[in-house]
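**Student:** My questions will all concern the structure given below.
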Amino acid sequence: MPKHYRPAGKKKEGNAARYITRSQAVKYLQVSLSLFRKLCILKGIFPREPKKKVKGNHHTYYHTKDILFLKHEPLLEKFREMRAYEKKIKKAVSKKNRDLAERLLTRKPSYTLDMLIRERYPKFIDAIRDLDDCLSMVHLFAALPAVEREKIPVNRVHNCRRLGHEWQAYIARTHKLRKTFISVKGIYYQAEIDGQKITWLTPHALQQVLPDDVDYNIMLTFLEFYETLQAFVNFKLYHSINVKYPPILDPRLEALAADLYALSRYFDNRASMTESTTTSFSESDVSKDQGKGPNYDESELRLAQLQQQLPSNEPGALMHLVQNAAETDEDDSETRECKTLFKDVKFFLSREVPRESLLFVIPAFGGSVSWDGEGAPFKETDQNITHQIVDRPTQGHKFLSREYVQPQWIYDCVNARILLPVEEYIVGRIPPPHLSPFVDNEAEGYVPEYAETIKRLQAAARNEVLPMPGVGKEDLDDPQNLLVEGVIDRAEAIEAATKKRKMSVLQKQYHDELKKELRSTQISTASDGNKESVSEHIDAGEDSLPDLSQISKDADSMSKIVMPRKKQKLLKAMEIGKERKQASVDRLKERKRKIEEGKKSGK
């Protein structure tokens, strides 16, 4: 009998025991494939890739422990109960028992995913860290049309839009936004909360076309979990700044300005505002006045309490609810910098610009903004407006007291953290290239020309000194030059010159010692009297020094020879990647050279 013989039906070991195929898991749980897929999405269970696939390469494998966890999941029993209940409804309809069917429909069982959120994210920081896909999915469905054919109901779209507005309102009010970038796919945003960077994508405000090759049932399952997760995160964030959640939305204001993050209704005049203030007194005062005035229910009292916190001359947006609460927290230096970028700037948005995005970005960096329409805080004729955002070739009526710029100026200023000159962004002019803040130009090996311009503007705003084109950084280290430019005083210049002199002496001594060691390897021991032959031998030794580049190449080739085959393939892939990166850099430089030549020839 072989050593590792195992009779049929005995306990399995190795990969056969650790992994299970999808068909085996579906049969073991006694569920349909769609329900199994839904359970895996909600529980966060995903396929695995074992080193040795026991059943073959054409199967999908899962951890056996994950499937055992699914077996005891309470949600699985709930789904089975709902399936049995649907059979009862179907039976009543088939028997034409309309009363029983309607009664069963009113008592249809439901489920929540609250326990799954607590299970998958024990700490709040875990949920924040896993929020990128959640935000992208929520903002995607907020922009999709409600299509019954794809089972996308209207209430899901409205809920996604509300969750996205609540999230953006918190980010804008607490000034947590860090980067923005407009691409073909949409608008990328990056915020920082509790030290975690969160990046999400918002589609453009255009008519969305639903492709036929997408399984919307799977996306709706992900959305179901993400909606619950986003609601929990918004609840925690709002309570961290002492704001009640969920906020009360005013349907009238939301209909007038749907792209605003409407929180509560306005009071049309001072009298109605005073009346709502009286309703926000203590319960004893309200009970005393019940006989004299109209009765108010609990929702109206809560609305009046929230309305007290709103400024009377600004739109009813979520970001204005936490006006006082957000200021009590201690902000870091980056948040303070973002808060004051558009501090003394007042914007007005024309009708053709992406209003929803700008209403999110501008308040996040301390600016005040209005738009063309009802519910706007101030009109276009306001003399205090400093910038008007326009995206049309020409502007008919112009105010001399304000600048007319394109929307790209806002996003470039946000990424550069300074107010850029508006000459390149005026109406009718082709704006400079929109650079991505998510790309490290130094690591890529190519720095665009406009990036260098922005770097110099940043240095000028911070009173820093950068080398001019063609000037090395060592020229700036000269204390005499810094003294002439007025950057440092005479005492600091003397101290810096002394320190630089000491460093140069030590550096020269170090190089001399290295040179002596190199010569000693080439010269044999000689007597003191034979100095001429020693000097000739030194010159000959310098000529016969080995080529360092050749030595490094030989060492690299030798290391490749002794390297395992797997690491050789990895090294080759890395070299191919470097070559591709260098080729793209060369291509960009060549394109830039051709553009410059075309401009010179055009002139």
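**Student:** Do you know which residues across region 380-390 are open to solvent by 80 Å² or more (accessible area, probe 1.4 Å) and not hydroxyl-bearing (Ser, Thr, Tyr)? Before the answer, list the steps.
**Tutor:** Just the residues of region 380-390 that are open to solvent by 80 Å² or more (accessible area, probe 1.4 Å), to begin with: 381, 383-384.
Once the filter is applied, which keeps residues that are open to solvent by 80 Å² or more (accessible area, probe 1.4 Å) and not hydroxyl-bearing (Ser, Thr, Tyr), region 380-390 yields Gln383, Asn384.
**Student:** How about region 110-127: which of its residues are open to solvent by less than 60 Å² (accessible area, probe 1.4 Å), in contact (Cβ under 8 Å) with a residue 24 or more places away in the chain and under 17 Å from Leu42 (Cβ atoms)?
**Tutor:** Of region 110-127, the ones open to solvent by less than 60 Å² (accessible area, probe 1.4 Å) are 111, 113, 116-117, 121, 124-127.
Applying the additional criterion that residues be in contact (Cβ under 8 Å) with a residue 24 or more places away in the chain yields 111, 113, 116-117, 121, 124-125, 127.
If the condition is that a residue be open to solvent by less than 60 Å² (accessible area, probe 1.4 Å), in contact (Cβ under 8 Å) with a residue 24 or more places away in the chain and under 17 Å from Leu42 (Cβ atoms), then Tyr111, Leu113, Leu116, Ile117, Tyr121, Ala127 are the ones that fit.
**Student:** Could you check region 79-137 and list, in sequence order, the residues that are closer than 13 Å to Tyr226 by Cα and of a type in the set (Phe, Trp, Tyr)?
**Tutor:** Hit for region 79-137 is Tyr121, nothing else.
The rows are residues; the columns are (1) assigned to a helix (DSSP H, G or I); (2) of a type in the set (D, E, K, R); (3) more than 19 Å from Val361 (Cα to Cα).
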position: Ile125; (1), (2), (3): yes, no, yes
position: Val147; (1), (2), (3): no, no, yes
position: Asn155; (1), (2), (3): yes, no, yes
position: Lys185; (1), (2), (3): no, yes, no
position: Tyr188; (1), (2), (3): no, no, no
position: Glu192; (1), (2), (3): no, yes, no
position: Val209; (1), (2), (3): no, no, yes
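**Student:** Then there is this: Within region 214-240, restricting attention to residues that are assigned to a helix (DSSP H, G or I) and charged (D, E, K, R), which residue is farthest from Lys43 (Cα to Cα)? Show your work before the answer.
**Tutor:** Kept after step one, since they are assigned to a helix (DSSP H, G or I), are these residues of region 214-240: 216-240.
After this cut, where a residue has to be charged (D, E, K, R) as well, the list is 224, 227, 236.
Details: Glu224: 12, Glu227: 15, Lys236: 22 Å.
Across region 214-240, the extreme among qualifying residues is Lys236.
**Student:** Additional query: Could you check how many residues of region 55-76 are in a loop (DSSP other than H, G, I, E, B), touching a strand residue (DSSP E or B) at 6+ places or on another chain (Cβ under 7 Å) and open to solvent by less than 80 Å² (accessible area, probe 1.4 Å)?
**Tutor:** Of all residues in region 55-76, those in a loop (DSSP other than H, G, I, E, B) come to 55-60, 72-73.
Then drop every residue that is not touching a strand residue (DSSP E or B) at 6+ places or on another chain (Cβ under 7 Å), which leaves 55, 59-60.
Right, trim to open to solvent by less than 80 Å² (accessible area, probe 1.4 Å) and you get 59-60.
Residues meeting the conditions: 2.
**Student:** So which of Lys91, Lys96 ends up being exposed (fewer than 13 other Cβ atoms within 10 Å of the Cβ) and farther than 30 Å from Pro47 by Cβ? Show your work before the answer.
**Tutor:** Details: Lys91 fails: exposed (fewer than 13 other Cβ atoms within 10 Å of the Cβ).
Matching residue, one of Lys91, Lys96: Lys96.
**Student:** Only one of (1) part of a helix (DSSP H, G or I); (2) within 30 Å of Glu356 (Cα to Cα); (3) of a type in the set (Lys, Arg) fails for Arg103. Which number is that?
**Tutor:** (2)
**Student:** Here's another thing I want to ask about it. Across region 170-189, what is the total count of residues that are touching a strand residue (DSSP E or B) at 6+ places or on another chain (Cβ under 7 Å) and either under 18 Å from Thr228 (Cα atoms) or open to solvent by 20 Å² or more (accessible area, probe 1.4 Å) (or both)? Before the answer, list the steps.
**Tutor:** Kept after step one, since they are touching a strand residue (DSSP E or B) at 6+ places or on another chain (Cβ under 7 Å), are these residues of region 170-189: 171, 176-181, 185-189.
With the extra rule that they be either under 18 Å from Thr228 (Cα atoms) or open to solvent by 20 Å² or more (accessible area, probe 1.4 Å) (or both), the set shrinks to 176, 179, 181, 185, 188.
Final tally of qualifying residues: 5.
**Student:** Please identify the pairs in which a residue from region 237-255 that is at positive phi and open to solvent by 40 Å² or more (accessible area, probe 1.4 Å) has its Cβ atom under 7 Å from the Cβ atom of a residue that is at pLDDT below 85 and not in a helix (DSSP H, G or I), counting only partners at least 6 apart or on another chain.
**Tutor:** Asn242/Ala325
**Student:** Of the residues Ala443, Ala451, Ala460, only one is within 25 Å of the chain's Cα centre (by Cα), modelled with pLDDT of 80 or more and either among the small types (Gly, Ala, Ser) or farther than 30 Å from Glu579 by Cβ (or both); which? Let's see the steps before the verdict.
**Tutor:** Working: Ala443 fails: modelled with pLDDT of 80 or more; Ala460 fails: within 25 Å of the chain's Cα centre (by Cα).
On inspection, the qualifying residue turns out to be Ala451.
**Student:** Might you let me know whether region 128-143 holds any residue that is assigned to a loop (DSSP other than H, G, I, E, B) and open to solvent by 100 Å² or more (accessible area, probe 1.4 Å)? Spell out the reasoning first.
**Tutor:** Going through region 128-143, the residues assigned to a loop (DSSP other than H, G, I, E, B) turn out to be 130-131.
Filter once more, so that each one left must be open to solvent by 100 Å² or more (accessible area, probe 1.4 Å): none.
The answer is no; no qualifying residue exists.
**Student:** Here's a check for you: in region 195-207, which residue that is in contact with a helix residue (DSSP H, G or I) (Cβ under 6 Å, 6 or more places away or on another chain) and not hydrophobic (A, V, I, L, M, F, W, C) is farthest from Ala146 (Cα to Cα)?
**Tutor:** Gln196
**Student:** Could you say whether any residue in region 375-382 is part of a loop (DSSP other than H, G, I, E, B), in contact (Cβ under 8 Å) with a residue 24 or more places away in the chain, over 14 Å from Val427 (Cβ atoms) and in contact with an Asp or Glu (Cβ under 7 Å, 6 or more places away or on another chain)?
**Tutor:** yes
**Student:** Out of all the residues in region 209-222, is one or more polar (S, T, N, Q) and within 19 Å of the chain's Cα centre (by Cα)? Lay out the reasoning, then the answer.
**Tutor:** Initial filter on region 209-222 (polar (S, T, N, Q)): 217, 221.
Pick out the ones that are also within 19 Å of the chain's Cα centre (by Cα) and you get none.
Checked against the condition, which is being polar (S, T, N, Q) and within 19 Å of the chain's Cα centre (by Cα), region 209-222 yields no hits at all.
**Student:** Give all pairs with beta carbons closer than 6 Å in which a residue from region 36-64 that is among the polar types (S, T, N, Q) meets a residue that is modelled with pLDDT under 90 and open to solvent by less than 80 Å² (accessible area, probe 1.4 Å); count only pairs at least 6 apart in sequence or on separate chains.
**Tutor:** Short answer, once both residue conditions are applied: none.
**Student:** I would also like to ask the following. Among the residues of region 427-450, write down those that are crowded, with 16+ Cβ neighbours inside 10 Å and either more than 23 Å from Arg462 (Cβ to Cβ) or of a type in the set (Asp, Glu) (or both).
**Tutor:** Those that are crowded, with 16+ Cβ neighbours inside 10 Å and either more than 23 Å from Arg462 (Cβ to Cβ) or of a type in the set (Asp, Glu) (or both): Val427, Tyr446.
**Student:** Do you know which of the residues in region 20-35 that are open to solvent by less than 50 Å² (accessible area, probe 1.4 Å) and touching a residue at least 24 places away in the same chain (Cβ under 8 Å) is nearest to the chain's Cα centre (by Cα)?
**Tutor:** Of all residues in region 20-35, those open to solvent by less than 50 Å² (accessible area, probe 1.4 Å) come to 20-21, 25-26, 29, 31, 35.
When the remaining residues are screened for being touching a residue at least 24 places away in the same chain (Cβ under 8 Å), the result is 20-21, 25, 29, 31, 35.
Working: Ile20: 36, Thr21: 36, Ala25: 37, Leu29: 38, Val31: 38, Leu35: 32 Å.
Selected residue: Leu35.
**Student:** Which of the residues spanning region 7-19 are open to solvent by 70 Å² or more (accessible area, probe 1.4 Å), of a type outside the set (Asp, Glu) and part of a loop (DSSP other than H, G, I, E, B)? Quick ask: steps written out before the conclusion?
**Tutor:** Of the residues in region 7-19, the ones open to solvent by 70 Å² or more (accessible area, probe 1.4 Å) are 8-13, 18.
Filter once more, keeping what is of a type outside the set (Asp, Glu): 8-12, 18.
Selection gives Ala8, Gly9, Lys10, Lys11, Lys12.
**Student:** How many of the residues in region 358-377 are over 26 Å from the mean Cα position of the chain (by Cα) and on the phi > 0 side of the Ramachandran plot?
**Tutor:** Residues flagged as over 26 Å from the mean Cα position of the chain (by Cα) and on the phi > 0 side of the Ramachandran plot within region 358-377 amount to 2.
The values are calculated or read from the model by the stated rules, or taken from the named source; none is laboratory data. Here the structure is a predicted model, which is why all the values come from computation and not from measurement. Cβ sites come from the backbone with ideal geometry, for glycine too, and all protein chains shown count toward neighbours. Only protein heavy atoms, including side chains, enter the accessible area calculation; ligands, DNA and RNA are left aside. Shrake-Rupley method; radii C 1.70, N 1.55, O 1.52, S 1.80 Å.
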